[in-house]
Amino acid sequence: MPLTVGTAGHIDHGKTALVEALTGKNTDRLPEEHERGISIDLGYAPFELPDGTSLSVVDVPGHERFVRTMVAGASGIDLFLLVIDAGEGARPQTHEHLAILRLLGIEHGVVALTKADAVDEETLELARVEAEELVPRARVVATSARTGSGLDELREALGEAAAHVARHDAEGPARLHVDRCFTLRGIGTVATGTLWSGTLSAGDELRVEPRGRPVRLRSVQVHDRTVERAEAGQRVAVSLPGVERQELRRGDVLVTPGSFRPSFRLDVTLEPLAEIPSRVVLHHGTAETTARVARAGERFAQLRLSRPVVAARGDRVVLRAGATVGGGVVLDPTPPRHADVARFEALERGEMLVHAPVLVHGEWRWSPEWLEELAAELDRAIDAADPLDPGVPVPAADWAKAVVPQLGLERRGAKLYRPGSVPELGERTEAAEALASQLGLEPVRVEDARLAHFLEEQGRLVRIGDGLAISSEAYGQARAILTDGITLAQFRDALGVGRKTAQLYLERFDADGVTRRVGDERVLRRRR
């Protein structure tokens, strides 16, 4: 099971040096980090435990000015690596980072006493006792990144902690909180983050929330290695064709369409560390926003946000007001605008939600108001949908099977449509005619993939290669040339096109099941 481990600890206590000693990778990637000798942003490295368990390491900055970055990195981790300088002992950010880990529900981890080679035995033992009192349930290991002492024991301790971590939800909808986005030449916009739930594969259709921007994954990588499928718990990088760099930012969430609803309100059980003021900065996943705290008794509150977040029941949030003042556990991620104690207590007991769906004795229940809101939201989404495909994805949530029949919409495959609706060219009529006039034997690049799909469904063009199209007549002409055992060169000469174009035609015939490749020849699969 893939897991993510996050570092924590005071500045200059040796987090990055320890990660490099364990993984062989220096996670400080910014020039200013090397110039100043401190971590400023999040760093990442792959790490494999002795038993073969794959870990993703998130290295966080320790400076008090970058606590917000630390929270973004710690959200979504499975276990911690708390780093304490053996000579200095616990310092202010040691305590604040540890408090944040507790608020995020990160229960398992290891304490590494770093720079153990630079202190005497008595000092090291005092540091060990302090660490054991500070984190009673964690194993404490003395280490030195310079000499390598203690690293094998640290790997073993991390393996023991990882064995106690609960499995991720690989069956649920995908949710990836973006912590970095950048552009790579020849690839385009790339987003990275920890996959909280579900799986991701190349070709998946997702939405960028809370802005509702549909995207398609061109490729999926885990620590610079292309994978067929990324699983919950892994550090993931996805390339997003057609998305500009400025359309993404830290705090956005990539989700299975219809599975999560952005919300300006959260109902939570409070976990205070100090007096929580009426206005705070809320951290959820990698998102950060200001919030007003509407208390309901001593233990509950409704957080009213200045920007929406994409949350689920059971998620944890951190609240800061200059310093970390507390946190909370989400009881209802899309509540109505009121906060009474009786409702919160019912939510905490797992009883029927009066707003979003909840499973009660094997049956989904929801309020009429919630259903009206969902229907209105889907109606707006259909209005904004492309006329060529005027539908919206079926919600991927567990409650969808029970709720969808109540919406008055028509289900076709994985999408919902207004009854009787059909694809229309609309404003694309002129573009369709212009494209059709350009099509012939030589492939033409088509930027509008949905238009190309629509015209192909109508039999007006055939797509070949990546974003290219030919006329249906050209496809038929090329197919008529095929003979059993034809080579690429023979086909090229018979069709009168270049080698690259001939290759595209043959690959399309292979995909259509007309031919199959045997050595350098194409063999016909069936009679034409």
Practice task
Tally the DSSP beta bridges in the chain and give the antiparallel ones as a percent, rounded to 5.
Solution key: 85 percent
Problem - Cα-based Rg of the stretch 352-423 normalised by 2.2 N^0.38 Å, two decimals - result: 1.16
Handout entry: Neighbour-limited loop hits for GluC sites (Glu not before Pro), the stretch 278-345 (at most 10 other Cβ within 10 Å; DSSP other than H, G, I, E, B)
Key = GLU298
Handout entry: Rule-of-thumb Rg ratio for the stretch 296-423 [Cα; 2.2 N^0.38 Å; N residues]
Key = 1.27
Practice task
Sum -39500 (n - 2.57) across every DSSP H segment of at least 4 residues in the chain, then divide by the residue count to get the 222 nm mean residue ellipticity, nearest 500.
Solution key: -8000 deg cm²/dmol
Exercise for the section: Give me the distance in nm between label points sitting 7 Å out from Cα along the Cα-to-Cβ direction at GLU247 and GLU171, one decimal. Expected result: 3.4 nm
Handout entry: Overall Cα dimensions of the stretch 175-255, principal axis frame, Å, largest first
Key = 28, 26, 20
Problem - Ratio of Rg to Rh over the stretch 427-524 (Cα coordinates, Kirkwood Rh, two decimals) - result: 1.00
Practice task
Before anything else, pin down the relative contact order of the stretch 204-308: Cα pairs under 8 Å, at least 6 apart, normalised by residue count, whole percent.
Solution key: 23 percent
Problem - Eligible aspartates and glutamates near LYS500 by straight Cα distance, threshold 19 Å, same-chain separation 8 or greater - result: GLU442, ASP466, ASP510, ASP512, ASP520, GLU521
Completion exercise
By the Cα gyration tensor axes a ≥ b ≥ c (a/c under 1.5 gives rounded; else a/b larger than b/c gives prolate, otherwise oblate), the shape of the stretch 131-232 is prolate
Handout entry: Label-point separation in nm, ALA346 to THR487, each point 7 Å along Cα→Cβ
Key = 7.8 nm
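Mind listing which trypsin sites (Lys or Arg not before Pro) in the stretch 272-357 are in a DSSP loop and have 14 or fewer other Cβ atoms within 10 Å? Walk me through the numbers on the way to the answer.
Working: sites: ARG279, ARG292, ARG295, ARG299, ARG304, ARG313, ARG316, ARG320, ARG337, ARG343, ARG349; in loops: ARG299, ARG313, ARG337, ARG349.
Those that pass, being in a loop and sparsely packed, are ARG337, ARG349.
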Practice task
For the stretch 3-162, just the Cα set please: Rg and Dmax, both in angstrom.
Solution key: 14.1, 38
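Translational D (Stokes-Einstein, µm²/s) of the chain at 37 °C and 0.692 mPa s when Rh comes from the Kirkwood sum over C-alpha pairs?
125 µm²/s
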Exercise for the section: Please list 324-333, 119-128 highest first by mean number of surrounding beta-carbon atoms within 10 Å per residue. Expected result: 324-333, 119-128
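Would you mind estimating how fast the stretch 264-333 diffuses translationally, via Stokes-Einstein at 37 °C and 0.692 mPa s with the Kirkwood radius over Cα pairs, in µm²/s?
286 µm²/s
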Problem - Inter-part distance where the stretch 449-528 and the stretch 389-424 are each reduced to a Cα centre, Å - result: 35 Å
Completion exercise
Under the rule rounded for a/c under 1.5, else prolate if a/b exceeds b/c, else oblate, using alpha carbon gyration tensor axes a ≥ b ≥ c, the stretch 190-346 is classed as prolate
Handout entry: 13 Å beta-carbon shell around ARG411, net charge (K/R +1, D/E -1)
Key = +3
Problem - Relative contact order computed over the chain (Cα-Cα under 8 Å; 6+ residues apart), in percent - result: 8 percent
Completion exercise
Evaluated at 37 °C and 0.692 mPa s, the Stokes-Einstein D of the stretch 76-145 based on the Kirkwood radius over Cα pairs, in µm²/s, stands at 270 µm²/s
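No lab work stands behind these numbers, since they all come straight from the coordinates. In this text the structure is predicted, and so the values were computed from the model without any measurement. Backbone-built Cβ (ideal geometry, glycine too); neighbour counts: all protein chains shown.
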